[in-house]
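To keep things clear, I will list the structure first and then write my remarks on it.
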Amino acid sequence: MSGFNTRAIHVGSGPDPTTGAVNPPVYLTSTYAQDGVGVPRFSDYARGDNPTRAALEACLAGLEEAQYGVAFASGLAGEDALLRTLVPGDHVILGDDAYGGTYRLLTRVFGNWGLTITCVDLGDLNTVRAAINDSTKMIWLETPSNPLLKVVSIAGLSKVAHEHGALLVVDNTFATPYLQRPLTLGADVVVHSTTKYVGGHSDVLGGFIATNHNELAANVRYHQYAIGAVPGPLDCYLLLRGLKTLGVRMDRHCSNAAAIAAFLSGHAAVEKVYYPGLEAHRGHDVAVQQMSDFGGMVSFTLKGGAASARKVCESTATFILAESLGGVESLIELPAVMTHLSAAGSTLEPPDSLVRLSVGIEDLDDLIADLAQALA
Ligand code: PLP
(Lines give C-alpha, C1' and ligand atoms only; values in the text may rest on other atoms or scores of the structure.)
Protein backbone atom coordinates (compact mmCIF):
# COMPACT_ATOMS: atom_id res chain seq x y z
CA MET A 1 0.00 0.00 0.00
CA SER A 2 1.44 3.42 -0.87
CA GLY A 3 1.79 6.15 1.74
CA PHE A 4 -1.01 8.21 3.25
CA ASN A 5 -0.39 11.39 1.26
CA THR A 6 0.00 9.54 -2.02
CA ARG A 7 -3.32 7.77 -1.49
CA ALA A 8 -5.00 10.99 -0.33
CA ILE A 9 -3.98 12.62 -3.61
CA HIS A 10 -4.55 9.78 -6.07
CA VAL A 11 -7.29 7.41 -4.83
CA GLY A 12 -10.61 8.41 -6.37
CA SER A 13 -8.93 11.19 -8.40
CA GLY A 14 -6.53 10.78 -11.30
CA PRO A 15 -6.95 11.79 -14.91
CA ASP A 16 -10.54 11.63 -16.12
CA PRO A 17 -10.67 8.80 -18.71
CA THR A 18 -12.53 10.85 -21.35
CA THR A 19 -10.75 14.21 -21.17
CA GLY A 20 -7.61 13.68 -19.12
CA ALA A 21 -8.75 16.38 -16.68
CA VAL A 22 -6.49 16.04 -13.66
CA ASN A 23 -9.34 16.66 -11.23
CA PRO A 24 -12.47 14.50 -11.02
CA PRO A 25 -15.43 16.19 -12.71
CA VAL A 26 -18.22 17.58 -10.53
CA TYR A 27 -21.14 15.57 -11.87
CA LEU A 28 -24.05 17.98 -11.54
CA THR A 29 -26.85 15.64 -12.49
CA SER A 30 -29.93 14.36 -10.72
CA THR A 31 -30.50 11.38 -13.03
CA TYR A 32 -28.80 9.19 -15.66
CA ALA A 33 -29.86 8.05 -19.11
CA GLN A 34 -31.03 4.46 -19.39
CA ASP A 35 -30.17 2.35 -22.46
CA GLY A 36 -33.32 0.30 -21.94
CA VAL A 37 -36.05 0.21 -19.31
CA GLY A 38 -34.30 -0.48 -16.02
CA VAL A 39 -30.84 -0.45 -17.65
CA PRO A 40 -29.16 2.78 -16.43
CA ARG A 41 -25.61 3.46 -17.66
CA PHE A 42 -24.37 4.40 -14.19
CA SER A 43 -27.22 4.54 -11.65
CA ASP A 44 -30.95 5.11 -11.77
CA TYR A 45 -30.95 8.30 -9.67
CA ALA A 46 -28.42 10.64 -8.03
CA ARG A 47 -29.66 10.01 -4.48
CA GLY A 48 -28.44 6.46 -5.01
CA ASP A 49 -25.09 7.26 -6.58
CA ASN A 50 -22.98 10.04 -8.03
CA PRO A 51 -19.47 9.65 -9.49
CA THR A 52 -17.99 12.59 -7.54
CA ARG A 53 -19.46 11.14 -4.34
CA ALA A 54 -18.13 7.68 -5.22
CA ALA A 55 -14.64 9.18 -5.66
CA LEU A 56 -14.80 10.79 -2.19
CA GLU A 57 -16.10 7.56 -0.65
CA ALA A 58 -13.28 5.51 -2.19
CA CYS A 59 -10.61 7.96 -1.05
CA LEU A 60 -11.69 8.49 2.57
CA ALA A 61 -12.61 4.83 3.12
CA GLY A 62 -9.12 3.90 1.92
CA LEU A 63 -7.46 6.39 4.27
CA GLU A 64 -9.42 4.89 7.19
CA GLU A 65 -8.31 1.41 5.99
CA ALA A 66 -11.99 0.58 5.57
CA GLN A 67 -13.51 -1.56 2.86
CA TYR A 68 -16.68 0.53 2.86
CA GLY A 69 -17.33 4.26 3.14
CA VAL A 70 -20.62 6.13 2.92
CA ALA A 71 -20.80 9.93 2.60
CA PHE A 72 -23.53 12.13 4.09
CA ALA A 73 -24.69 15.73 3.99
CA SER A 74 -23.36 16.39 7.51
CA GLY A 75 -21.75 14.56 10.40
CA LEU A 76 -25.09 14.33 12.19
CA ALA A 77 -26.79 12.95 9.07
CA GLY A 78 -24.20 10.13 9.05
CA GLU A 79 -24.72 9.50 12.76
CA ASP A 80 -28.48 9.42 12.18
CA ALA A 81 -28.15 6.77 9.45
CA LEU A 82 -25.87 4.66 11.64
CA LEU A 83 -28.22 4.85 14.63
CA ARG A 84 -31.17 3.85 12.46
CA THR A 85 -29.52 0.45 12.00
CA LEU A 86 -30.53 -0.13 15.66
CA VAL A 87 -34.09 -0.87 16.78
CA PRO A 88 -36.21 0.67 19.56
CA GLY A 89 -35.23 -0.85 22.90
CA ASP A 90 -31.52 -1.02 22.05
CA HIS A 91 -29.04 0.61 24.43
CA VAL A 92 -26.09 2.85 23.52
CA ILE A 93 -23.22 3.83 25.80
CA LEU A 94 -21.78 7.27 25.07
CA GLY A 95 -18.61 8.75 26.53
CA ASP A 96 -19.14 11.49 29.11
CA ASP A 97 -17.51 14.06 26.84
CA ALA A 98 -18.84 14.41 23.30
CA TYR A 99 -20.10 16.94 20.77
CA GLY A 100 -23.35 18.47 22.09
CA GLY A 101 -25.18 17.72 18.84
CA THR A 102 -24.38 14.00 19.11
CA TYR A 103 -25.72 14.01 22.66
CA ARG A 104 -28.85 15.86 21.47
CA LEU A 105 -29.39 13.42 18.59
CA LEU A 106 -29.04 10.40 20.87
CA THR A 107 -31.14 11.66 23.78
CA ARG A 108 -33.77 13.91 22.21
CA VAL A 109 -34.30 12.27 18.81
CA PHE A 110 -33.40 8.62 19.33
CA GLY A 111 -34.48 8.74 22.98
CA ASN A 112 -38.02 9.49 21.75
CA TRP A 113 -37.68 6.74 19.17
CA GLY A 114 -36.91 4.16 21.87
CA LEU A 115 -33.14 3.94 22.29
CA THR A 116 -31.80 4.13 25.83
CA ILE A 117 -28.55 5.99 26.44
CA THR A 118 -26.03 5.89 29.29
CA CYS A 119 -23.14 8.37 29.47
CA VAL A 120 -20.06 7.12 31.32
CA ASP A 121 -16.37 7.81 31.82
CA LEU A 122 -14.84 5.57 29.16
CA GLY A 123 -11.40 5.94 30.72
CA ASP A 124 -12.40 3.36 33.34
CA LEU A 125 -13.15 -0.04 31.75
CA ASN A 126 -14.86 -1.35 34.92
CA THR A 127 -17.34 1.55 34.81
CA VAL A 128 -17.99 0.72 31.15
CA ARG A 129 -18.54 -2.99 31.93
CA ALA A 130 -20.95 -2.03 34.72
CA ALA A 131 -22.98 0.13 32.32
CA ILE A 132 -23.45 -2.66 29.77
CA ASN A 133 -26.75 -4.53 29.76
CA ASP A 134 -28.32 -7.22 27.54
CA SER A 135 -29.62 -4.57 25.13
CA THR A 136 -26.30 -2.74 24.69
CA LYS A 137 -25.55 -2.62 20.96
CA MET A 138 -23.01 0.22 20.65
CA ILE A 139 -20.31 1.91 22.64
CA TRP A 140 -19.83 5.34 21.06
CA LEU A 141 -16.81 7.48 21.73
CA GLU A 142 -14.79 10.44 20.60
CA THR A 143 -11.03 10.30 21.13
CA PRO A 144 -9.79 12.99 21.50
CA SER A 145 -13.20 14.15 22.65
CA ASN A 146 -14.99 17.45 22.13
CA PRO A 147 -14.33 19.73 24.06
CA LEU A 148 -12.21 18.25 26.90
CA LEU A 149 -9.80 16.33 24.63
CA LYS A 150 -10.26 13.13 26.63
CA VAL A 151 -8.32 10.23 25.15
CA VAL A 152 -9.47 6.65 25.72
CA SER A 153 -8.11 3.31 24.59
CA ILE A 154 -9.74 2.16 21.35
CA ALA A 155 -8.16 -1.31 21.67
CA GLY A 156 -9.28 -1.69 25.32
CA LEU A 157 -12.83 -0.54 24.64
CA SER A 158 -13.16 -2.68 21.53
CA LYS A 159 -12.39 -5.76 23.67
CA VAL A 160 -15.06 -4.76 26.19
CA ALA A 161 -17.61 -4.08 23.43
CA HIS A 162 -16.89 -7.37 21.67
CA GLU A 163 -17.10 -9.43 24.89
CA HIS A 164 -20.75 -8.31 24.97
CA GLY A 165 -21.51 -8.49 21.24
CA ALA A 166 -21.67 -4.68 20.90
CA LEU A 167 -20.09 -2.52 18.22
CA LEU A 168 -17.41 0.05 19.01
CA VAL A 169 -18.12 3.31 17.18
CA VAL A 170 -15.32 5.90 17.11
CA ASP A 171 -15.90 9.49 16.06
CA ASN A 172 -12.52 10.24 14.46
CA THR A 173 -13.29 13.87 13.59
CA PHE A 174 -10.62 15.40 15.86
CA ALA A 175 -7.78 12.99 15.03
CA THR A 176 -8.55 12.32 11.33
CA PRO A 177 -7.17 9.16 9.69
CA TYR A 178 -3.82 10.94 9.33
CA LEU A 179 -3.23 10.72 13.10
CA GLN A 180 -5.33 7.69 14.09
CA ARG A 181 -7.02 4.78 12.31
CA PRO A 182 -9.57 3.29 14.75
CA LEU A 183 -10.51 0.28 12.56
CA THR A 184 -6.92 -0.99 12.76
CA LEU A 185 -7.17 -0.78 16.57
CA GLY A 186 -10.32 -2.88 16.85
CA ALA A 187 -13.14 -0.38 16.29
CA ASP A 188 -16.09 -1.49 14.14
CA VAL A 189 -17.22 1.84 12.76
CA VAL A 190 -15.62 5.24 12.20
CA VAL A 191 -17.79 8.36 12.16
CA HIS A 192 -16.68 11.72 10.78
CA SER A 193 -17.88 15.23 10.58
CA THR A 194 -15.98 15.91 7.35
CA THR A 195 -17.07 19.53 7.85
CA LYS A 196 -13.93 19.82 9.99
CA TYR A 197 -10.37 18.74 9.12
CA VAL A 198 -11.29 16.69 6.05
CA GLY A 199 -12.79 19.74 4.33
CA GLY A 200 -10.25 21.88 6.12
CA HIS A 201 -11.34 25.29 4.81
CA SER A 202 -14.63 26.00 6.63
CA ASP A 203 -16.54 26.03 3.36
CA VAL A 204 -18.49 22.75 3.34
CA LEU A 205 -20.63 20.47 5.53
CA GLY A 206 -20.27 16.71 5.35
CA GLY A 207 -20.34 13.42 7.22
CA PHE A 208 -18.90 9.95 6.70
CA ILE A 209 -19.30 6.39 7.99
CA ALA A 210 -16.49 3.87 7.41
CA THR A 211 -16.51 0.18 8.34
CA ASN A 212 -15.26 -3.25 7.34
CA HIS A 213 -18.56 -4.95 8.25
CA ASN A 214 -20.26 -5.88 5.01
CA GLU A 215 -23.85 -6.11 6.33
CA LEU A 216 -23.61 -2.98 8.41
CA ALA A 217 -22.20 -1.06 5.44
CA ALA A 218 -25.09 -2.25 3.27
CA ASN A 219 -27.56 -1.19 5.95
CA VAL A 220 -26.01 2.28 6.28
CA ARG A 221 -25.92 2.58 2.47
CA TYR A 222 -29.61 1.61 2.38
CA HIS A 223 -30.44 4.37 4.87
CA GLN A 224 -28.35 6.86 2.88
CA TYR A 225 -30.51 6.06 -0.14
CA ALA A 226 -33.87 5.58 1.59
CA ILE A 227 -33.64 8.73 3.72
CA GLY A 228 -31.58 10.82 1.34
CA ALA A 229 -29.26 12.95 3.48
CA VAL A 230 -26.66 12.86 0.71
CA PRO A 231 -23.94 15.45 0.04
CA GLY A 232 -24.16 17.38 -3.22
CA PRO A 233 -21.51 16.78 -5.89
CA LEU A 234 -19.77 20.12 -5.33
CA ASP A 235 -19.53 19.37 -1.60
CA CYS A 236 -17.99 15.99 -2.45
CA TYR A 237 -15.48 17.68 -4.73
CA LEU A 238 -14.48 20.17 -2.00
CA LEU A 239 -14.05 17.33 0.50
CA LEU A 240 -11.96 15.32 -1.96
CA ARG A 241 -9.80 18.39 -2.55
CA GLY A 242 -9.48 18.87 1.21
CA LEU A 243 -8.24 15.30 1.62
CA LYS A 244 -5.31 15.96 -0.74
CA THR A 245 -3.74 18.38 1.77
CA LEU A 246 -4.96 16.74 4.98
CA GLY A 247 -1.52 15.40 5.91
CA VAL A 248 0.39 18.66 5.47
CA ARG A 249 -2.33 20.65 7.16
CA MET A 250 -2.46 18.28 10.15
CA ASP A 251 1.33 18.48 10.63
CA ARG A 252 1.04 22.24 10.92
CA HIS A 253 -2.14 22.15 13.07
CA CYS A 254 -0.31 19.78 15.46
CA SER A 255 2.92 21.79 15.75
CA ASN A 256 1.04 25.07 16.25
CA ALA A 257 -1.29 23.48 18.82
CA ALA A 258 1.58 21.91 20.79
CA ALA A 259 3.34 25.28 21.02
CA ILE A 260 0.14 27.05 22.06
CA ALA A 261 -0.61 24.40 24.71
CA ALA A 262 2.90 24.99 26.12
CA PHE A 263 2.40 28.78 26.05
CA LEU A 264 -0.97 28.53 27.83
CA SER A 265 0.42 26.10 30.43
CA GLY A 266 2.89 28.78 31.55
CA HIS A 267 0.38 31.67 31.60
CA ALA A 268 -0.64 33.13 34.97
CA ALA A 269 -4.31 33.67 33.97
CA VAL A 270 -4.81 30.06 32.87
CA GLU A 271 -6.10 27.48 35.34
CA LYS A 272 -5.77 24.22 33.36
CA VAL A 273 -4.84 23.27 29.81
CA TYR A 274 -6.39 20.27 28.05
CA TYR A 275 -4.14 18.93 25.28
CA PRO A 276 -3.24 15.23 24.78
CA GLY A 277 0.36 16.16 23.95
CA LEU A 278 0.98 17.45 27.49
CA GLU A 279 2.56 14.77 29.70
CA ALA A 280 0.23 15.76 32.55
CA HIS A 281 -2.85 15.04 30.39
CA ARG A 282 -4.78 12.03 31.73
CA GLY A 283 -4.83 10.27 28.36
CA HIS A 284 -1.30 11.20 27.25
CA ASP A 285 0.14 7.65 27.42
CA VAL A 286 -2.80 6.20 25.47
CA ALA A 287 -2.49 9.01 22.92
CA VAL A 288 1.19 8.15 22.41
CA GLN A 289 0.19 4.54 21.68
CA GLN A 290 -2.73 5.10 19.32
CA MET A 291 -2.05 8.46 17.65
CA SER A 292 0.92 9.60 15.57
CA ASP A 293 0.56 13.19 16.88
CA PHE A 294 -1.80 15.02 19.22
CA GLY A 295 -4.03 17.11 16.98
CA GLY A 296 -4.91 20.75 16.54
CA MET A 297 -7.49 21.27 19.30
CA VAL A 298 -6.60 22.87 22.65
CA SER A 299 -8.97 23.74 25.50
CA PHE A 300 -8.26 25.64 28.70
CA THR A 301 -10.01 27.06 31.74
CA LEU A 302 -9.39 30.52 33.17
CA LYS A 303 -8.65 31.29 36.83
CA GLY A 304 -11.04 34.24 36.47
CA GLY A 305 -13.99 31.94 35.71
CA ALA A 306 -16.77 32.26 33.13
CA ALA A 307 -16.59 36.07 32.83
CA SER A 308 -12.86 35.96 32.02
CA ALA A 309 -13.40 33.15 29.53
CA ARG A 310 -16.07 35.18 27.73
CA LYS A 311 -13.79 38.24 27.72
CA VAL A 312 -10.89 36.27 26.20
CA CYS A 313 -13.19 34.88 23.47
CA GLU A 314 -14.34 38.40 22.63
CA SER A 315 -10.82 39.90 22.68
CA THR A 316 -8.92 37.94 20.05
CA ALA A 317 -8.32 39.29 16.56
CA THR A 318 -6.67 36.49 14.56
CA PHE A 319 -8.62 33.76 16.37
CA ILE A 320 -12.17 34.20 15.06
CA LEU A 321 -15.00 33.79 17.57
CA ALA A 322 -17.05 31.05 15.92
CA GLU A 323 -18.36 27.50 16.28
CA SER A 324 -16.89 24.59 14.29
CA LEU A 325 -13.24 23.61 13.95
CA GLY A 326 -10.62 22.04 11.71
CA GLY A 327 -10.23 24.82 9.15
CA VAL A 328 -7.01 26.56 8.17
CA GLU A 329 -8.05 29.62 10.20
CA SER A 330 -7.89 29.62 14.00
CA LEU A 331 -11.19 29.73 15.89
CA ILE A 332 -12.05 30.38 19.53
CA GLU A 333 -15.29 29.60 21.36
CA LEU A 334 -17.00 29.07 24.70
CA PRO A 335 -18.40 25.49 24.54
CA ALA A 336 -20.81 25.78 27.51
CA VAL A 337 -22.89 28.42 25.73
CA MET A 338 -22.02 27.70 22.10
CA THR A 339 -21.22 24.22 20.67
CA HIS A 340 -22.33 22.32 23.79
CA LEU A 341 -25.39 24.33 24.87
CA SER A 342 -27.57 21.29 24.14
CA ALA A 343 -25.66 19.37 26.84
CA ALA A 344 -26.52 21.96 29.53
CA GLY A 345 -27.63 20.30 32.76
CA SER A 346 -26.31 16.88 31.70
CA THR A 347 -23.15 15.02 32.74
CA LEU A 348 -21.66 16.27 29.46
CA GLU A 349 -21.99 19.95 30.33
CA PRO A 350 -18.52 21.53 29.97
CA PRO A 351 -17.09 23.85 32.64
CA ASP A 352 -18.38 27.39 32.13
CA SER A 353 -14.85 28.83 32.14
CA LEU A 354 -13.67 26.47 29.40
CA VAL A 355 -12.37 28.05 26.18
CA ARG A 356 -11.88 25.82 23.12
CA LEU A 357 -9.35 26.67 20.42
CA SER A 358 -9.24 25.21 16.93
CA VAL A 359 -5.63 26.07 16.17
CA GLY A 360 -5.20 26.92 12.51
CA ILE A 361 -2.15 26.92 10.28
CA GLU A 362 -1.31 30.63 10.46
CA ASP A 363 2.14 31.80 11.62
CA LEU A 364 2.67 30.65 15.20
CA ASP A 365 4.06 33.99 16.42
CA ASP A 366 0.89 35.77 15.31
CA LEU A 367 -1.32 33.23 17.10
CA ILE A 368 0.63 33.45 20.35
CA ALA A 369 0.71 37.26 20.20
CA ASP A 370 -3.07 37.29 19.70
CA LEU A 371 -3.70 35.00 22.68
CA ALA A 372 -1.23 36.94 24.83
CA GLN A 373 -3.04 40.24 24.22
CA ALA A 374 -6.47 38.64 24.79
CA LEU A 375 -5.34 37.03 28.06
CA ALA A 376 -3.80 40.30 29.22
N1 PLP B 1 -18.72 14.93 15.71
C2 PLP B 1 -17.95 15.90 16.24
C3 PLP B 1 -16.77 15.51 17.08
C4 PLP B 1 -18.24 17.23 15.99
O5 PLP B 1 -17.47 18.18 16.55
C6 PLP B 1 -19.37 17.57 15.20
C7 PLP B 1 -19.72 18.97 14.92
O8 PLP B 1 -19.16 19.88 15.49
C9 PLP B 1 -20.16 16.52 14.68
C10 PLP B 1 -19.80 15.22 14.94
C11 PLP B 1 -21.38 16.82 13.83
O12 PLP B 1 -20.99 17.15 12.56
P13 PLP B 1 -21.79 18.16 11.58
O14 PLP B 1 -21.73 19.51 12.24
O15 PLP B 1 -21.02 18.07 10.31
O16 PLP B 1 -23.17 17.65 11.47
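Residue-level check: of (1) closer than 19 Å to G207 by Cβ; (2) within 16 Å of the ligand (Cβ to nearest atom); (3) over 16 Å from the mean Cα position of the chain (by Cα), C119 misses just (1). Out of L234, L205, L239, one residue alone is under 17 Å from the mean Cα position of the chain (by Cα), over 22 Å from L141 (Cβ atoms), assigned to a helix (DSSP H, G or I) and at pLDDT 95 or above. It is L239. Only one entry in A46, A61 is more than 15 Å from the ligand (Cβ to nearest atom), in a loop (DSSP other than H, G, I, E, B) and crowded, with 19+ Cβ neighbours inside 10 Å, namely A46. Among the residues of segment 218-229, some residue qualifies, meaning at least one is in contact with a Leu (Cβ under 7 Å, 6 or more places away or on another chain), under 27 Å from G156 (Cβ atoms), part of a helix (DSSP H, G or I) and touching a residue at least 40 places away in the same chain (Cβ under 8 Å). Filtering segment 162-197 down to residues that are among the hydroxyl-bearing types (S, T, Y) and either away from the ligand (no atom under 14 Å from the Cβ) or part of a loop (DSSP other than H, G, I, E, B) (or both), which residue is surrounded by the fewest Cβ atoms within 10 Å (Cβ to Cβ)? The selected residue is T184.
N146 passes every criterion in (1) assigned to a helix (DSSP H, G or I); (2) in contact (Cβ under 8 Å) with a residue 40 or more places away in the chain; (3) within 10 Å of the ligand (Cβ to nearest atom) apart from (1). Inspect segment 333-355 for any residue being over 30 Å from T118 (Cα atoms) and at pLDDT 95 or above and give the result as yes or no. The answer is no, given that none of the residues of segment 333-355 is over 30 Å from T118 (Cα atoms) and at pLDDT 95 or above. On the stretch given as segment 152-161, residues that are assigned to a loop (DSSP other than H, G, I, E, B) and among the small types (G, A, S) total 1. Looking across T6, T18, one residue alone is without any contact (Cβ under 8 Å) to a residue 12 or more places away in the chain and either in a helix (DSSP H, G or I) or under 20 Å from D203 (Cβ atoms) (or both). It is T6. One residue is enough: does segment 235-243 have a residue meeting the conditions of a type in the set (D, E, K, R) and within 16 Å of the ligand (Cβ to nearest atom)? Scanning segment 235-243, I find at least one residue that is of a type in the set (D, E, K, R) and within 16 Å of the ligand (Cβ to nearest atom), so the answer is yes. Residues in segment 140-154 that are of a type in the set (A, V, I, L, M) and touching a strand residue (DSSP E or B) at 6+ places or on another chain (Cβ under 9 Å): L141, L148, L149, V152, I154.
How about segment 96-112: which of its residues are touching a helix residue (DSSP H, G or I) at 6+ places or on another chain (Cβ under 9 Å), farther than 22 Å from A217 by Cα and not β-branched (V, I, T)? Those that are touching a helix residue (DSSP H, G or I) at 6+ places or on another chain (Cβ under 9 Å), farther than 22 Å from A217 by Cα and not β-branched (V, I, T): A98, Y99, G100, G101, Y103, R104, R108.
Is it true that some residue in segment 25-43 is among the β-branched types (V, I, T), under 27 Å from D203 (Cβ atoms) and outside any loop (DSSP other than H, G, I, E, B)? Scanning segment 25-43 turns up no residue that is among the β-branched types (V, I, T), under 27 Å from D203 (Cβ atoms) and outside any loop (DSSP other than H, G, I, E, B). Screening P24, P40 for residues that are buried (at least 20 other Cβ atoms within 10 Å of the Cβ), more than 30 Å from W140 (Cα to Cα), assigned by TED's automatic domain parsing to the domain that holds L234 and in contact with a Ser or Thr (Cβ under 9 Å, 6 or more places away or on another chain) leaves exactly one candidate, P24. If you scan segment 139-163, which residues turn out to be of a type in the set (S, T, Y) and within 14 Å of the chain's Cα centre (by Cα)? Selection gives T143, S145.
The values are calculated or read from the model by the stated rules, or taken from the named source; none is laboratory data. In this text, all values refer to a predicted model and were calculated from it rather than measured experimentally. Positions of Cβ are backbone-derived with ideal geometry, glycine not excepted, and every protein chain shown enters the neighbour counts.
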